[in-house]
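Worksheet for the structure shown next.
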Amino acid sequence: MANPIQEDLLPEQILKAAMQLYQQHGIKKVTMDDVAKMVGKTRSSLYYYYKNRDEIFDAVMVMLLREIIDEIHQAMDKAQNTKDKIKAFCLAKVKTSEERKALYFAIESETNIDEISRHSKVMMDLHKQLMQLESSLLKKTLSLAIKSEEVRTLKPKESEMLIFILLSGIRGIKREMSYDNNFGKLDYAVNTLVDMAMQWLHK
């Protein structure tokens, strides 16, 4: 008789196995049989949770999104003030992206045009959701800072623009440093970005 606890863990095991296989072999080459073999189950047992490869891929992306946001949230929770929370957000955003670089590369390196199109759409949707969730984290941080009078009161448009600049800024920093695979000046760049934001918040 199957252990109920083990069965409850199976969907997550399937997705983690698929994610690992994507990074090793690319999405196109990973089959349901490959995933089943890695988790030590039959292919038919996978169909109970996921109908096909596309459903597994979609679920992996949802899991990826949840992991990224959880890691960023945890990093921010450890910080004691607004400046450190924003800095923690920026550093965690770069860290979570770099740690999953192999997975992103595997997704982008597909050769089948139809699969590229479909996976690109899924990734675009993921990016939009990630931006919304990241914006929510920063918005909550700013709201608490305003409430505690740690920073000045902001108009909605001011808050939205600051969040947009922070998100765009850290994405740009990460992208430029990724070209040379050199993050030696990451702390300095993030500190500069956050210092400028805090000066504006206090003016």
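Values in this text are rule-based calculations from the coordinates and carry no lab data. Since we're looking at a predicted model, the values are computed, not measured. Here the Cβ positions follow ideal geometry from the backbone for every residue, glycine too, while neighbour counts run over all protein chains shown.
Numbers for the structure displayed
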item	result
Proximal charge balance of Lys128 [Cβ under 14 Å; K/R count +1, D/E count -1]	0
Stretch gain in nm, segment Tyr48-Gln13, where the contour uses 0.36 nm per residue and the Cα spacing is subtracted	11.2 nm
Pairwise FRET efficiency - Tyr188 versus His25, Cβ, R0 = 41 Å, nearest 0.05	0.60
Of Asn181, Ser45, Phe89, farthest towards positive along the dipole that unit charges on Lys, Arg, Asp, Glu beta carbons give the chain	Phe89
Reciprocal mean inverse distance between Cα atoms of the stretch 126-203 - Kirkwood radius, Å	13.6 Å
Paired Rg and Dmax values of the stretch 4-202, which use every Cα atom, in angstrom	19.7, 60
Net charge, Leu46 excluded, C-beta distance under 11 Å - Lys, Arg +1, Asp, Glu -1	+2
Estimated FRET transfer efficiency when R0 is 41 angstrom, pair Asp34-Met196 (beta carbons, to 0.05)	0.30
Cross-link partners of Lys185 among lysines (Cα-Cα below 18 Å; sequence separation of 8 or more within a chain)	Lys87, Lys93, Lys95, Lys174
Phi-based couplings in Hz for the stretch 174-186 (Karplus 6.51, -1.76, 1.60; Gly and Pro marked x)	4, 4, 5, 6, 5, 4, 9, 6, 10, 10, x, 9, 4
Full-stretch length increase - Gln132, Lys101 - with 0.36 nm per residue and alpha-carbon distance subtracted	9.1 nm
Hz values of 3J(HN,Hα) by residue in the stretch 86-101 - Karplus curve (6.51, -1.76, 1.60), Gly and Pro given as x	5, 5, 4, 4, 4, 5, 5, 5, 5, 4, 5, 6, 5, 5, 10, 4
Expected 222 nm ellipticity per residue - DSSP helices of 4 or more, -39500 (n - 2.57), all of the chain, to 500	-27000 deg cm²/dmol
Residue exposure sequence - Lys16, Lys29 - by fewest surrounding Cβ within 10 Å	Lys29, Lys16
Inter-part distance where the stretch 117-177 and the stretch 184-203 are each reduced to a Cα centre, Å	15 Å
